[in-house]
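Q: Dropping the structure in here first, questions after.
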Amino acid sequence: MSVKLERLCKNLSEIFRERVQSLTLVGGEVTLEVAAADYFEVATTLRDHPDLRFEQLMDICGVDYVAYGRTDLVDFTEGRSPRFAAVSHLLSLTHNWRLRLRVFAPDDSFPVVASVTPIWNGANWFEREAFNLYGIMFEGHDDLRRILTDYGFVGHPFRKDFPVTGYVEMRYDPEQKRVVYQPVTIEPREVTPRIIREENYGRG
Amino acid sequence: MAEIKNYTVNFGPQHPATHGVLRLVLELDGEVVVRADPHIGLLHRATEKLMEHRTWVQSLPYMDRMDYTSMFVNEHPFCLAVERLLGIEVPIRGQYIRVMFDEITRIFHHLFNLGTHALDVGAMAMVLYTFREREDICDMLEAVSGARMHGAYYRPGGVYRDLPDSMAKYQVNRFKNEKTVKELNKARDGSLLDFIEAFTERFPGYLDEYETLLTGNRIWKQRLVGVGAVSPERALQLGFSGPMLRGSGIAWDLRKKQPYMVYDKLDFDVPVGTNGDCYDRYLVRMEEMRQSNHIIRQCIDWLRKNPGPVMTDNLKVAPPKREKMKANMEELIHHFKLFSEGIHVPPGEVYAAVEHAKGEFGAYMISDGANKPYRVKLRSVAFQNLAAMDEMARGHMIADVVTIIGTMDIVFGEVDR
């Protein structure tokens, strides 16, 4: 398996050359990182090049890296930058290999990357989801609407600075005889704190 | 001359044929669908966000609630991903148990799909038969995990416990007399494996009954043949997997192509369709149930002969034995740390996918070394299938929309997450 993946890595670095920002092979998985400007072109080559042939897009996942490796982050402007990335998982049926393609959106306040819907039509809803949950804009997507949250929901709930409890809650108001929104009444709490241990902790 | 306008219909979210809470806005020209716009998210629970705030083991039971018609196999990609990040191996007996329950839940899921699909199309009786068999499977799941549906049985490092030696039995009460109880308990005298084996012997006969009811049935064929046809090229473009892809004639099955656990040691075939329509996908699913039955029988044979551990002995991951914990300080500390702080997973990222009953169900995880995942993304199959709704329904009659929803195999726990 790893011989095959090394061949894939070799193909990738030969084909994309300086457009490769990082290329890693860890634990039997290949990860390719490219700049947002090259993203669309690289994706097209990934699908069409006979030595790559990634016919299928399995997944696009929005990620917010702002608090990566941190447990003490209070002010989210001090976190990692660039914050937002779109991570796609590609599959080639011809060669039977997979690739993870990561692209960071350069601007944190208005994250934009190209849409790959014209290359893989199945990307449509994945991109809508990443837009809905993280606020990543996909340029060239013709129907970028919210998908999972409520109609009229404000904000992007999966961002790290969005609380788990949210900001508003919904209840039926017997006086007004309709459903009303109000600020949340529950206190945020954390049962098990998030802890990052130093390396070799507990391995005496 | 009257002005003719397209008509927009709101289908769901409380329509029984939407398999849950799908709201479908259909634009109709007469009875022909011009545009279908699915509105989802009515069951969105933000599972992935919740997982970021739970430890690795606390997150696991959420996986059962993803596709609540095939529970155990949902836990599989989660466990695989954590195991790959930790670099631990599952004992071989644990692997066989996992594969056996993957296949049992595959049957469990296909039975649900078959029953409700037929019910939507108008064959009322099917759901009564398939739920009879699902009841037996519920009993298997209960015997092994304690819960009829949401078992949380697979754990990072193996499975929670070994297969039990006895099955729960029915007792005489106001509603069941001695004769009925004796009949019901017939297969329950031995161990769980005996019970499963008895099921696998009965099951092909049941499948023949379903085939008699449906496969050659004129109404069933009129409703399914040629409806929702997808060409192999489009199926790839739309990101289909599982029976949706195989129905279109592409022989792609992760159990064969990228085997995980012990699938490479088992003998089974992968059925493939030719036309890519609803009827072909139905045939693929029927044959998959027969193949699953065959795999389960092989697992039973192996499990009878080979006792052994089912969970890794790495105490940083798996809880220690109860009796050891009470006598030994080190085990006690491990137990305490494991249940108060949880597993620490080394930094990294991983994508693990399994061949779920619906197709490729994957878990993408990013860990930054904490006791909680940094980000979990679950690649759900039905979400992707439903995205193709517009393309598949366009040009069909409104009644065919129900057939297409049935063949897509959507379960909202998984679509909305």
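Q: Show the residue pairs meeting these rules: Cβ distance below 6 Å; 6+ apart or different chains; first residue within the stretch B:354-367 and free of Cβ contacts under 8 Å to residues at least 24 places away in the same chain; second residue part of a strand (DSSP E or B).
A: That search, which allows pairs on different chains as well, returns B:366/B:349; B:366/B:375.
Q: Out of all the residues in the stretch B:38-45, is one or more basic (Lys, Arg), within 14 Å of chain A (Cβ to nearest Cβ) and over 22 Å from the mean Cα position of the chain (by Cα)? I'd like the intermediate steps shown before the answer.
A: Keep residues of the stretch B:38-45 that are basic (Lys, Arg), which gives B:45.
From what's left, within 14 Å of chain A (Cβ to nearest Cβ): B:45.
Going one step further and asking which of them are over 22 Å from the mean Cα position of the chain (by Cα), we end up with none.
Scanning the stretch B:38-45, I find no residue that is basic (Lys, Arg), within 14 Å of chain A (Cβ to nearest Cβ) and over 22 Å from the mean Cα position of the chain (by Cα), so the answer is no.
Q: For residues that are at the interface with chain B (Cβ under 8 Å from one of its Cβ atoms) and of a type in the set (D, E, K, R), scanning just the stretch A:40-64, find the one that is surrounded by the fewest Cβ atoms within 10 Å (Cβ to Cβ).
A: A:55
Q: When the residues of the stretch B:321-345 are filtered to those that are under 22 Å from residue B:81 (Cβ atoms) and more than 9 Å from chain A (Cβ to nearest Cβ), which remaining residue is surrounded by the fewest Cβ atoms within 10 Å (Cβ to Cβ)?
A: Result: B:339.
Q: Follow-up. If residue B:276 passes every condition in (1) over 28 Å from residue B:195 (Cβ atoms); (2) open to solvent by less than 20 Å² (accessible area, probe 1.4 Å); (3) at pLDDT 90 or above but one, which one does it miss?
A: Here residue B:276 clears every test but (3).
Q: Further question: Hey, could you check the stretch B:235-252 for residues that are under 27 Å from residue A:118 (Cβ atoms) and among the small types (Gly, Ala, Ser) and say which is nearest to the other protein chains (Cβ to nearest Cβ)? Spell out how you get there, then give the answer.
A: Taking the stretch B:235-252 as the starting set, the residues that turn out to be under 27 Å from residue A:118 (Cβ atoms) are B:235-242, B:244-250, B:252.
Pick out the ones that are also among the small types (Gly, Ala, Ser) and you get B:235, B:239, B:241-242, B:247-249.
Details: B:235: 9, B:239: 3, B:241: 8, B:242: 12, B:247: 16, B:248: 12, B:249: 12 Å.
Per the criteria, the residue is B:239.
Q: Restricting to the stretch B:253-273, name every residue that is within 14 Å of chain A (Cβ to nearest Cβ), of a type in the set (D, E, K, R), surrounded by fewer than 18 Cβ atoms within 10 Å (Cβ to Cβ) and farther than 20 Å from residue B:92 by Cα.
A: Hit for the stretch B:253-273 is B:257, nothing else.
Q: Just give me the residues in the stretch B:41-94 being touching a strand residue (DSSP E or B) at 6+ places or on another chain (Cβ under 6 Å) and open to solvent by 40 Å² or more (accessible area, probe 1.4 Å), in sequence order.
A: Scanning the stretch B:41-94 gives a single hit, B:84.
Q: Hey, another quick one. Hey, among the residues in the stretch B:175-190 that are part of a loop (DSSP other than H, G, I, E, B) and charged (D, E, K, R), which one's surrounded by the fewest Cβ atoms within 10 Å (Cβ to Cβ)?
A: Here the answer is B:189.
Q: Got a sec? Which of A:163, A:106, A:157 is out of contact with any Lys or Arg (no Cβ under 6 Å at 6 or more places or on another chain), within 24 Å of residue A:23 (Cα to Cα) and in a loop (DSSP other than H, G, I, E, B)? Don't jump to the end; show me each part of the working.
A: Working: A:163 fails: within 24 Å of residue A:23 (Cα to Cα); A:157 fails: within 24 Å of residue A:23 (Cα to Cα).
The unique qualifying residue is A:106.
Q: Within the stretch A:17-32, is there a residue that is among the charged types (D, E, K, R) and part of a loop (DSSP other than H, G, I, E, B)?
A: The first filter runs over the stretch A:17-32 and keeps only residues among the charged types (D, E, K, R), leaving A:17-19, A:29.
Going one step further and asking which of them are part of a loop (DSSP other than H, G, I, E, B), we end up with none.
No, that holds for no residue.
Q: Okay, moving on. Checking residue B:348 against (1) within 14 Å of chain A (Cβ to nearest Cβ); (2) open to solvent by 10 Å² or more (accessible area, probe 1.4 Å); (3) out of contact with any His (no Cβ under 9 Å at 6 or more places or on another chain); (4) on the phi < 0 side of the Ramachandran plot, which single condition isn't satisfied?
A: Unmet for residue B:348, out of (1) within 14 Å of chain A (Cβ to nearest Cβ); (2) open to solvent by 10 Å² or more (accessible area, probe 1.4 Å); (3) out of contact with any His (no Cβ under 9 Å at 6 or more places or on another chain); (4) on the phi < 0 side of the Ramachandran plot: (4).
Q: Also, quick follow-up: Could you please find all residues in the stretch A:160-195 being facing chain B (nearest Cβ under 10 Å), surrounded by 10 or more Cβ atoms within 10 Å (Cβ to Cβ) and in contact with a helix residue (DSSP H, G or I) (Cβ under 9 Å, 6 or more places away or on another chain)?
A: A:160, A:162, A:164, A:192
Q: Then there is this: How many residues does the stretch A:65-87 hold that are touching a residue at least 40 places away in the same chain (Cβ under 8 Å), more than 10 Å from chain B (Cβ to nearest Cβ) and either among the small types (Gly, Ala, Ser) or open to solvent by 30 Å² or more (accessible area, probe 1.4 Å) (or both)?
A: 3
Q: In the stretch A:15-24, what residues are more than 14 Å from every other protein chain (Cβ to nearest Cβ) and open to solvent by less than 70 Å² (accessible area, probe 1.4 Å)?
A: Going through the stretch A:15-24, the residues more than 14 Å from every other protein chain (Cβ to nearest Cβ) turn out to be A:15-21, A:23.
Within the stretch A:15-24, A:15, A:16, A:19, A:20, A:23 qualify.
Q: Give me the pairs, please: first residue somewhere in the stretch A:25-39 and away from chain B (no Cβ under 12 Å) and farther than 15 Å from residue A:3 by Cβ, second residue anywhere and charged (D, E, K, R) and open to solvent by 30 Å² or more (accessible area, probe 1.4 Å), beta-carbon distance under 8 Å, and either six or more positions apart or on two chains.
A: Qualifying pairs under 8 Å: A:34/A:19; A:35/A:19; A:38/A:19.
Q: Go through the stretch B:191-225 and give me each residue that's surrounded by fewer than 19 Cβ atoms within 10 Å (Cβ to Cβ) and of a type in the set (D, E, K, R).
A: Listed by number, the residues that qualify are B:194, B:197, B:201, B:202, B:208, B:209, B:211, B:218, B:221.
Q: Evaluate the stretch B:313-320: report whether one residue or more is facing chain A (nearest Cβ under 9 Å), crowded, with 20+ Cβ neighbours inside 10 Å, within 27 Å of the chain's Cα centre (by Cα) and closer than 29 Å to residue B:102 by Cβ.
A: Applying the first criterion (facing chain A (nearest Cβ under 9 Å)) to the stretch B:313-320 yields B:316.
From the residues that got through so far, the ones that are crowded, with 20+ Cβ neighbours inside 10 Å too are none.
Looking for residues that are facing chain A (nearest Cβ under 9 Å), crowded, with 20+ Cβ neighbours inside 10 Å, within 27 Å of the chain's Cα centre (by Cα) and closer than 29 Å to residue B:102 by Cβ, one finds none in the stretch B:313-320, hence no.
Q: Sticking with this one: Residue B:29 versus (1) in contact (Cβ under 8 Å) with a residue 60 or more places away in the chain; (2) of a type in the set (D, E, K, R); (3) surrounded by fewer than 17 Cβ atoms within 10 Å (Cβ to Cβ): which is the lone unmet condition?
A: (1)
Q: Go through the stretch B:46-77 and give me each residue that's of a type in the set (Ser, Thr, Tyr), touching a residue at least 40 places away in the same chain (Cβ under 8 Å) and either away from every other protein chain (no Cβ under 12 Å) or over 28 Å from residue B:344 (Cα atoms) (or both). Step through it out loud before you land on a result.
A: At the first step, the residues of the stretch B:46-77 found to be of a type in the set (Ser, Thr, Tyr) are B:47, B:55, B:59, B:62, B:68-70.
In the following step, the residues that additionally are touching a residue at least 40 places away in the same chain (Cβ under 8 Å) were identified as B:47, B:55, B:59, B:68-70.
Once the filter is applied, which keeps residues that are of a type in the set (Ser, Thr, Tyr), touching a residue at least 40 places away in the same chain (Cβ under 8 Å) and either away from every other protein chain (no Cβ under 12 Å) or over 28 Å from residue B:344 (Cα atoms) (or both), the stretch B:46-77 yields B:68, B:69, B:70.
Q: If you don't mind, another one. Scan the stretch B:391-417 and report the pairs whose first residue is away from chain A (no Cβ under 14 Å) and open to solvent by less than 10 Å² (accessible area, probe 1.4 Å) and whose second residue is assigned to a helix (DSSP H, G or I) and of a type in the set (D, E, K, R), with Cβ atoms within less than 9 Å and a gap of 6+ or a chain change.
A: So the pair list comes out as B:393/B:400; B:403/B:120; B:403/B:223; B:405/B:120; B:406/B:120; B:407/B:281; B:409/B:281; B:409/B:285.
The values are calculated or read from the model by the stated rules, or taken from the named source; none is laboratory data. Bear in mind the structure is a predicted one, so any value in this text is a computation, not a measurement. Cβ coordinates were reconstructed from backbone atoms using ideal geometry, including for glycine residues, and neighbour counts include every protein chain displayed. Side chains included, ligands, DNA and RNA excluded: accessible areas come from the protein's heavy atoms. Shrake-Rupley method; radii C 1.70, N 1.55, O 1.52, S 1.80 Å.
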